[in-house]
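Enquirer: Let me begin by handing over the structure; questions about it come next.
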Amino acid sequence: MDRSRAGEPLGKPVLVELSHAIEQFALAAVPGEPLIVIAMFQKHSYFQRALPVYRNIASAGAVTIVGMAEEIPPQLPRGLHLALAPAAGPLAREWSVTVLGPHGGATLVATDLELVDPVARTIEEGRCFRGRWSFRREDALREVMRLRSQLRLPAGVIAEIDDVLQAVQRVPEPDHQGWWGVPARFLADRMQAAVRSRTEAQVALESVAEDSGERDPRTGLYTEKFLKRWTAGLGAGTLPIGLALLRVFGIAEVRADYGLRAELAALHGVSGCVQDLLTNVDRVVRIGREDFLVVLPSWSPERVMWFCEEVCERVARLEDAYPFISLPGVAAATVTRSRPLPIPQLVHQVELGGRASEPVSLLAD
C-alpha cells in the first residue's frame, strides 16, 4: 500500500473524502462485472449517512458487505449483507472500505486511535486514525482475504465472495497501478493540508469573535454554547470521553460578600487549578454559578480520578491566597462512550457528594 504498512496519521475529514472516492470507484465499475465491496463502519449511526450510496452499489450487482459493532443487528436494505464485529475486538475500531474486481481494486484501512486533534472545531471532527490506502488490486485482494477470514459471514455470502475471487485470479494484475497512485497521493496530501488550514482559520475566527458567546468575557472560561458546538455529532460507542464536574461551594456568593475584584480573583484561582492539569485537547466549561465541567477526551478512569482528587486539593488551598476565602470543592467523574453525555447524572452525583464525607465520586458508565 501507499507508504508504510503501519500507515500514516489520518484525520476524520480526510478519511471521509478518501472513503467517498473509493465508493465512487465501486460505482464506476463496469455493470455486471464481478465486484466485492466490504466496508467497516464501527457503528450503525455512521453507516446511516452512507446508506444511499451502498444501496446503489448493491443494486449494481456488487457483493456488498457492511460491518459494524452493534449488539442488536440493525435492519439493512435487501442486497446488503451485515457483518457484526465484537465490541471488544480490533474490528470494532476499524474504518475501512475495500473494492475488488478483476480489472482493479482500491482499499482504505484505518484504525481508531481514540485520540482527538486539539485544533478541530468539534470532538467528532477531530477523531484521529492511523491508516493506509491504495488503488492497487493486489492490496485490495489482500484486504478482502483478511476480512473474509475475520468476519463472521454466512456460507452463502462466503460463496459469493469466492466467486469474485476466482474471477479476479483469472485476470492478470493490471499494469502501471503505481503510476495511477501518484496523482491520487498528491491530491490526498493537498486535501489534508487544506482541511487543516481551513479548520485552524475557523477556530481562530471563532476565538476572536466578540459576539460568539462561547467564552465568558470576564473569566475566559468556555460557556455552554461552546460545549454544545464542540460535542455536536458525537457518535455513541466509539471515543471514550472523561468528564469531571467540579462544584466549588460558596463561589457564587463571593461578589455579594466581598466585591467584584474578589469574585474575579476567586474564579481565576479555580480556573488556574483546573487548567494547570489539562492537555491542549481538554476543555473546562462553566455550566452553573458553582459548577465547572471538565471534558477530558481519551482519559482513562484512573487518570480522571487522579485529576478530580488533585483539583479538589488545589482548590482547597486557594484560601491561602487573595481573597483568602475557604472554597471547598467536590467532584463527580466518569469515563463514557455513551451519548448524549451524562452531564445531568454528574450534577446529581455532586449534589450527593456535597452531603458526603468523600469529595470525589466516580459515576459508572
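The values are calculated or read from the model by the stated rules, or taken from the named source; none is laboratory data. Keep in mind that what you see is a predicted model, and the values were worked out from it rather than measured. Backbone-built Cβ (ideal geometry, glycine too); neighbour counts: all protein chains shown. To get the accessible areas, we keep the full protein, side chains included, count just its heavy atoms, and leave off ligands, DNA and RNA. Shrake-Rupley method; radii C 1.70, N 1.55, O 1.52, S 1.80 Å.
Enquirer: Might you tell me the accessible area per residue for the chain, computed with a 1.4 Å probe and given in Å²?
Expert: That works out to 48 Å² per residue.
Enquirer: Let me ask something else about it. Taking 51 Å as R0, compute the FRET efficiency from the Cβ-Cβ separation of Lys228 and Gln166 and round it to 0.05.
Expert: FRET efficiency, Lys228 to Gln166: 0.45.
Enquirer: So, one more: Which of these, Glu224, Glu253, Glu214, has the largest mean-square fluctuation under a Gaussian network model of the chain (Cα springs below 10 Å)?
Expert: Glu253
Enquirer: Another question, then. Taking Lys12 as the anchor, which lysines have their alpha carbon closer than 22 Å to its alpha carbon, excluding any fewer than eight residues away along the same chain?
Expert: Lys43, Lys228
Enquirer: Let me see the pair-distance distribution of region 312-356: every alpha carbon pair, 10 Å bin width, integer percents in order.
Expert: Histogram of Cα-Cα distances, whole percents per bin: 25, 36, 28, 11, 1.
Enquirer: How much of the accessible area of the chain, in percent, comes from carbon and sulfur atoms when a 1.4 Å probe is used? The partial results should precede the final answer.
Expert: On the way: 9880 of 17600 Å².
Its accessible area is 56 percent carbon and sulfur atoms.
Enquirer: Same structure, new question: Using +1 on the beta carbon of Lys and Arg, -1 on that of Asp and Glu, and nothing else charged, what's the dipole of the chain about the Cα centre, debye to 20?
Expert: Roughly 700 debye, rounded to the nearest 20.
Enquirer: Let me ask something additional. Restricting to bridges with both residues inside the chain, how much of the DSSP beta-bridge set is antiparallel, in percent to the nearest 5?
Expert: Numbers: 44 of 58 bridges.
Approximately 75 percent, going by the DSSP bridge assignments.
Enquirer: Moving on. Using +1 at the Cβ of each Lys and Arg and -1 at the Cβ of each Asp and Glu in the chain, identify which of Tyr322, Leu91, Asn56 lies farthest towards the dipole's positive end.
Expert: Selected residue: Asn56.
Enquirer: Follow-up question, since we're still on this one. Which of Gly32, Gly242, Gly105 moves most in a GNM of the chain, Cα contacts under 10 Å?
Expert: Gly32
Enquirer: Could you work out how far apart the two model spin labels at Leu278 and Glu302 are, taking each label as a point 7 Å from the Cα in the direction of the beta carbon, and quote it in nm?
Expert: Placing both labels 7 Å beyond Cα along the Cβ direction yields 2.5 nm.
Enquirer: Assigning unit charges at the beta carbon (Lys, Arg +1; Asp, Glu -1) and nothing else, what dipole magnitude in debye, to the nearest 20, does region 61-169 show about its Cα centre?
Expert: On the way: 12 positive and 14 negative charges, 45 e Å.
Roughly 220 debye, rounded to the nearest 20.
Enquirer: Can I ask one more? Which one, Gly272, Ile65, Val171, is farthest towards the positive end of the dipole of the chain when Lys and Arg carry +1 and Asp and Glu -1 on their Cβ?
Expert: Val171
Enquirer: Full extension from Ala262 to Trp180: what is 0.36 nm times the residue separation minus their Cα-Cα distance, to one decimal in nm? Let's see the in-between values first.
Expert: Working: separation 82, 0.36 × 82 = 29.52 nm, distance 6.61 nm.
Gain on extension, Ala262 to Trp180, equals 22.9 nm.
Enquirer: Moving on. When the dipole is taken about the Cα centre of region 274-343, and only Lys, Arg (+1) and Asp, Glu (-1) are charged at their Cβ, what size is it in debye, to the nearest 20?
Expert: With Lys and Arg at +1 and Asp and Glu at -1, about 400 debye.
Enquirer: Nearest 500 deg cm²/dmol is fine: what mean residue ellipticity at 222 nm does the chain get from its DSSP H runs of n ≥ 4 alone, each adding -39,500 (n - 2.57), divided by its residue count? Spell out each step's value before the answer.
Expert: Working: 10 runs with 148 residues, N = 365.
Calculated at 222 nm, the ellipticity per residue is -13000 deg cm²/dmol.
Enquirer: Just to confirm the number: angle between the C-alpha axis of helix 301-316 and the first principal axis of the chain, 0 to 90 degrees, nearest 10?
Expert: Once rounded, one gets 20 degrees.
Enquirer: For region 14-43 and region 284-352, what is the centre-to-centre distance using only Cα atoms, to the nearest Å?
Expert: 45 Å
Enquirer: Pick out which of Trp95, Trp230, Trp179 has the largest mean-square fluctuation in a Gaussian network model of the chain, springs linking Cα atoms closer than 10 Å.
Expert: Result for the chain, Cα springs under 10 Å: Trp179 fluctuates most.
Enquirer: Name all residues of region 71-99 having a backbone nitrogen under 12 Å from the label point set 7 Å from the Cα of Ala159 along its Cα→Cβ direction, giving them as ranges.
Expert: Answer for region 71-99: none.
Enquirer: If you take Cα Rg over 2.2 N^0.38 Å from the coordinates, which of (1) 1.22; (2) 1.36; (3) 1.88 do you get?
Expert: Matching the structure shown: (1).
Enquirer: Take the alpha carbon gyration tensor of region 203-323, find the square roots of its eigenvalues, order them as a ≥ b ≥ c, and report rounded if a/c is under 1.5; if not, report prolate when a/b exceeds b/c, else oblate. If you can, show how the numbers build up before the last one.
Expert: Numbers: a/c = 2.25, a/b = 1.27, b/c = 1.76.
Judged from the Cα gyration tensor, region 203-323 comes out oblate (a/c at least 1.5, b/c at or above a/b).
Enquirer: Multiply the residue separation of Arg198 and Glu253 by 0.36 nm, subtract the distance between their alpha-carbon atoms, and state the gained length in nm to one decimal.
Expert: Numbers: separation 55, 0.36 × 55 = 19.80 nm, distance 4.27 nm.
Full-extension gain reported as 15.5 nm.
Enquirer: Then there is this: Can you give the FRET efficiency for Arg317 and Met145, using 1/(1 + (r/R0)^6), R0 = 51 Å, r = Cβ-Cβ distance, to the nearest 0.05?
Expert: Computed FRET efficiency for Arg317 and Met145: 0.25.
Enquirer: Could you sort the peptides 82-88, 122-128 by per-residue average Cβ neighbour count (10 Å cutoff), highest mean leading?
Expert: Working: 82-88: 15.4, 122-128: 20.0.
The densest-packed peptide leads the list: 122-128, 82-88.
Enquirer: In addition: Cα atoms only, region 89-131: Rg and Dmax in Å?
Expert: Rg and Dmax of region 89-131, Cα atoms, are 13.6, 42 Å.
Enquirer: How big is the C-alpha Rg of region 1-143 next to the rule-of-thumb value 2.2 N^0.38 Å, as a ratio?
Expert: Details: Rg = 14.8 Å, N = 143, 2.2 N^0.38 = 14.5 Å.
Dividing the Cα radius of gyration by 2.2 N^0.38 Å gives 1.02.
Enquirer: Which log10 I(q)/I(0) values does region 28-71 give at q = 0.20, 0.21 Å⁻¹ under the Debye formula, counting every alpha carbon as one identical point scatterer?
Expert: Log10 I(q)/I(0), no solvent term: -0.63, -0.68.
Enquirer: Right, something else. Report ³J(HN,Hα) in whole Hz for each residue of region 114-119, in order, from the Karplus equation J = 6.51 cos²θ - 1.76 cosθ + 1.60 where θ = phi - 60°; Gly and Pro get x.
Expert: Calculated HN-Hα couplings, in order: 6, 10, 10, 6, x, 7 Hz.
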